[in-house]
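Note sheet for the following structure.
The values are calculated or read from the model by the stated rules, or taken from the named source; none is laboratory data. These numbers were taken from a predicted model, which means no experiment stands behind them. Quick reminder, even Gly has a Cβ in these numbers, built from the backbone with ideal geometry, and neighbours come from all protein chains shown.
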Amino acid sequence: MSEPRPAGRSHAGELRVAVLASGTGTNLQALLDKVHGRDGIKIVAVASDNPEAHALDRAHSAGVPTAVFQRADFGGDRRARDSAMAAWLRGHGVQLVVLAGYMRLLSESFLSRFPDAVINVHPALLPSFPGLNAVGQALSYGVKVFGVTVHFVDEGVDSGAVIMQRAVELPDARSEDDVLPFIHEIEHEILPEVVRLFARDAVRISPTHHRRVIVTPPADSSDR
Ligand code: GRF
């Protein structure tokens, strides 16, 4: 039987992580607080499409290099913008790219440079409610269970293979204010958790089912 295909590039020692963010950056902050400089993980670069993103201030405060890649600076050419961003990240030795509130779709010119090594956090239980305003979509639908998904990124909208999901039952929720604090709490837990899994090379895509992600348990858990 063939070995499961490793997700991400193999890495010796520290896992070098980049974060892409367009806005507030609370997920970036959770990564800076919980995994940066620990567990064999270093956040080495933060990039944005938005020069006003508060995420950039958070990166500066942590001493992490930043760059802004706006489509307008590349003659409106998305592929050219993405190629430049990929080259900048590769220049920083990035092995895993984390999208944390990054509001642009990434083109093949970017994704092909980081095979099986780009992940995203989405505030819904995919495949329900992909795209913008996921919590609003879920409220309009009238769901009783909300949640968060961390998944691989492909060229579609929140359509890559699922790595981790966590749900919260909120049967009486009526507004985003009733839901968002729970969603953020979950995001700030499971996104660092997934990055830790990559650092111990524990994430695999099944060789027989391209959408199935296998998380291998720590070596010392086999006799429990
Ligand atoms: C998060 O809710 C994330 O799930 C979504 O965008 C939001 C980013 O929030 N993709 P922040 O900028 O990390 O605070």
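Values for this structure:
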{"item": "Only one of Ala138, Ala134, Ala124, Ala117 that is at pLDDT 95 or above, more than 11 Å from the ligand (Cβ to nearest atom), among the small types (Gly, Ala, Ser) and over 25 Å from Arg79 (Cα atoms)", "result": "Ala138"}
{"item": "Odd one out for His92, checked against (1) without any contact (Cβ under 8 Å) to a residue 60 or more places away in the chain; (2) farther than 22 Å from Glu176 by Cβ; (3) not small (Gly, Ala, Ser)", "result": "(1)"}
{"item": "Qualifying residue in the stretch 27-41 (condition: without any contact (Cβ under 8 Å) to a residue 40 or more places away in the chain, buried (at least 18 other Cβ atoms within 10 Å of the Cβ) and among the small types (Gly, Ala, Ser))", "result": "no"}
{"item": "Output for the stretch 16-30, where each listed residue is assigned to a strand (DSSP E or B) and either near the ligand (Cβ under 9 Å from one of its atoms) or among the aliphatic types (A, V, I, L, M) (or both)", "result": "Val17, Ala18, Val19, Leu20"}
{"item": "Residue match in the stretch 36-50 (condition: charged (D, E, K, R), in a helix (DSSP H, G or I) and within 25 Å of Glu193 (Cα to Cα))", "result": "no"}
{"item": "Those residues of the stretch 157-177 which are free of Cβ contacts under 8 Å to residues at least 40 places away in the same chain, of a type outside the set (Lys, Arg) and away from the ligand (no atom under 15 Å from the Cβ), in sequence order", "result": "Glu169, Leu170, Pro171, Asp172, Ala173, Ser175"}
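Residues checked against (1) charged (D, E, K, R); (2) more than 19 Å from Arg196 (Cβ to Cβ); (3) modelled with pLDDT of 95 or more; (4) in a loop (DSSP other than H, G, I, E, B):
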position	(1), (2), (3), (4)
Glu52	yes, yes, yes, yes
His60	no, yes, yes, no
Gly63	no, yes, yes, yes
Val94	no, no, yes, yes
